[in-house]
1. Is it true that some residue in segment 3-10 is touching a residue at least 60 places away in the same chain (Cβ under 8 Å) and in contact with a strand residue (DSSP E or B) (Cβ under 7 Å, 6 or more places away or on another chain)?
2. Out of segment 33-44, which residues are in a helix (DSSP H, G or I) and either in contact with a Lys or Arg (Cβ under 8 Å, 6 or more places away or on another chain) or touching a residue at least 40 places away in the same chain (Cβ under 8 Å) (or both)?
3. Filter segment 5-42 for residues that are surrounded by 17 or more Cβ atoms within 10 Å (Cβ to Cβ) and closer than 17 Å to residue 82 by Cα and give the result.
4. So, of the residues in segment 163-212 that are surrounded by fewer than 12 Cβ atoms within 10 Å (Cβ to Cβ) and modelled with pLDDT under 85, which turns out to be farthest from residue 124 (Cα to Cα)?
5. Identify, from the list 67, 62, the residue that is on the phi > 0 side of the Ramachandran plot and either in the same structural domain as residue 14 (by TED's automatic domain parsing) or without any contact (Cβ under 8 Å) to a residue 12 or more places away in the chain (or both).
6. Inspect all residues belonging to segment 20-30 and state whether any of them is at pLDDT below 95, in contact with a His (Cβ under 8 Å, 6 or more places away or on another chain) and farther than 13 Å from residue 59 by Cα.
7. All but one of (1) buried (at least 18 other Cβ atoms within 10 Å of the Cβ); (2) of a type outside the set (Phe, Trp, Tyr); (3) part of a loop (DSSP other than H, G, I, E, B) hold for residue 86; which doesn't?
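The values are calculated or read from the model by the stated rules, or taken from the named source; none is laboratory data. Quick caveat, the model's predicted, so the values are computed rather than measured. Every residue, glycine as well, gets a Cβ built from its backbone with ideal geometry; the counts of neighbours run over all protein chains shown.
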Amino acid sequence: MSLCLKNLTVRKLDGSVLFDSLNMTIDSGEVVSLMGPSGCGKSTLLDVIAGHLSEEFSYQGEVVLNERPLDSVPAHQRKVGILFQDDLLFPHLNIWENLAFALPNTVKGEHRKQQAIEALEQISLSQLAYSYPEQISGGQRARVSLTRMLLAQPEVALLDEPFSKLDKQLRSQFRDWVFEQLKVANVPALMVTHDEQDIPDNSRVLNWPWETSHA
């Protein structure tokens with residue numbers, strides 16, 4: 001599996017170029033980190049891939065996931081998983097219901113609850129199945145949020161500063177766990193970060209203006 005960006009150029013409404021002619025391929029199990037100043041287009045690039053690009057922008061070029069062009073595919077059909085700074089769990093659903101919400105439609109009835117509970121057991125949080133997001137810690141919410149993303153069986157993972165709101169000790173533990181889970185999922189991943197400590201060892205980094213280096 002791979003994510004390929006081919007000659008990608010993003011422009012603002014006034015015609016000015018946000019970034020130009022970006023070419024990149026991310027392979028299965030690889031995490032590529034994207035760094036640069038605010039306003040250079042990091043999150044906008046994630047929006048292009050996910051199919052959520054604001055009307056303030058337009059783009060040229062191709063986004064190809066596993067040899068499947070995504071440019072005309074609706075966002076909900078792209079099989080793109082996203083992890084944000086905020087966990088975005090549904091406050092009116094308990095934890096297992098939050099997880100079950102992400103499962104593919106092919107999983108029916110009681111099997112949805114069963115798979116959600118099994119996922120919680122795998123991350124040692126089964127005791128929180130009937131708790132609500134406001135009742136659990138930030139670190140626990142972060143783990144549930146990543147697990148929910150992976151239960152949707154994405155073919156690529158996008159991470160938009162996912163560790164920035166966690167305290168230093170928790171941040172380090174969660175970061176290592178996230179990269180471990182992404183490795184098991186074996187999907188290409190693109191991460192936006194401002195912190196060099198977030199970058200996995202021996203991985204590619206794109207620094208603005210985006211050129212590849214290694215951590």
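1. Quick first cut of segment 3-10, residues touching a residue at least 60 places away in the same chain (Cβ under 8 Å) only: 3-4.
In the following step, the residues that additionally are in contact with a strand residue (DSSP E or B) (Cβ under 7 Å, 6 or more places away or on another chain) were identified as 3-4.
Yes, because at least one residue in segment 3-10 is touching a residue at least 60 places away in the same chain (Cβ under 8 Å) and in contact with a strand residue (DSSP E or B) (Cβ under 7 Å, 6 or more places away or on another chain).
2. Correct list: 42, 43.
3. Within segment 5-42, 26, 30, 31, 32, 33, 34, 41, 42 meet the criteria.
4. 209
5. Going through 67, 62 in turn, the sole match is 67.
6. No, there is no match, as no residue in segment 20-30 is at pLDDT below 95, in contact with a His (Cβ under 8 Å, 6 or more places away or on another chain) and farther than 13 Å from residue 59 by Cα.
7. Of the numbered conditions (1) buried (at least 18 other Cβ atoms within 10 Å of the Cβ); (2) of a type outside the set (Phe, Trp, Tyr); (3) part of a loop (DSSP other than H, G, I, E, B), the odd one out for residue 86 is (1).
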